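The block underneath contains the structure these notes are about, expressed in C-alpha cells.
No lab work stands behind these numbers, since they all come straight from the coordinates. This structure is a prediction, so every number in the text was calculated from the model and none was measured. A quick note on method: Cβ atoms are made from the backbone with ideal geometry, for glycine too, and the neighbour counts reach across all protein chains shown.
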Amino acid sequence: MAKKQQDQRADEGRKAVFRIPTTAYLAIGLLIVCVTPVALGEIGGFQWLYVFPLALLVFVARTRTVANREGLQVRTVFGKRDLPWSSLKGLAITNKARVRAVLGDDTQVSLPTVRTRHLPVLALVSEGKIQDPSGVLSEEELAGKKPADPAGKPAPDPAPEAAEPASSAGAEQTGGADGKPAE
C-alpha cells in the first residue's frame, strides 16, 4: 500500500503550496477572546461582532496558491481558478513584491501569498516552463535531475581562511580602543 502511494506521488511531480501561515489562527483566537467581553456583556445585541473573526478564519483557511506540474491553482475566499502553464505568458511583479500571472491575452491574475522570493520555487515546480530570474537554479535542477560532479566525487571543502600569524611565546597583545596594542 505504501509503495503504491509513493509511486502515485512520484507521478504527480513536485508540488508547492503557498498559503497564509498557520500562526494566523493564533491571532484569530486572540481576536475572539478580545471580542467576547463586548459581545456577551451587559449591553445586548453585539453578538454580530463574532462575524469578523469568522470571516478572517474563512479567509486564512481558503486563500492559497498551489503550483504543480500541470499549472497553478489560485484559490480565494469566493472562488477557484486553474491556470495551466501553457496559458501563461509570464509573471508580473508589483511594487509590493507580489506576483501576478500574465495570461496570453495580457490579463493579469493575482497569485495570493506568492512573493518574489518564491520565484525559484515556481520555476522548479514548473519544470522549466517558467524561468528563474534569480539564477539560483541550474538547468539540471529545473529539468528534475540532480546535478552530478563529472568525476563522481563530492566537491572539496573550501580552503580554510588563513589564520593570523601567532605572536611570540612570551608576548601578549591586547588591543585598545584605537586598535593599537596596549602597553
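Determine the sum of side-chain charges near LEU57: Lys and Arg each +1, Asp and Glu each -1, restricted to other residues whose C-beta is under 15 angstrom from that of LEU57. Local net charge: +3. Counted by Cβ distance under 15 Å from ARG100, the other residues give a net charge of +3, where Lys and Arg count +1 and Asp and Glu count -1.
Restricting to lysines 8 or more places apart or on different chains, can you count the pairs in segment 1-107 with Cα atoms under 30 Å from each other? The number of close lysine pairs in segment 1-107 is 8. Karplus-derived 3J(HN,Hα) values for segment 98-105, using 6.51 cos²θ - 1.76 cosθ + 1.60 with θ = phi - 60°, are 8, 10, 10, 8, 9, 7, x, 8 Hz; glycine and proline are entered as x. Shape class for segment 76-133, computed from the alpha carbon gyration tensor (a ≥ b ≥ c): rounded, with a/c under 1.5.
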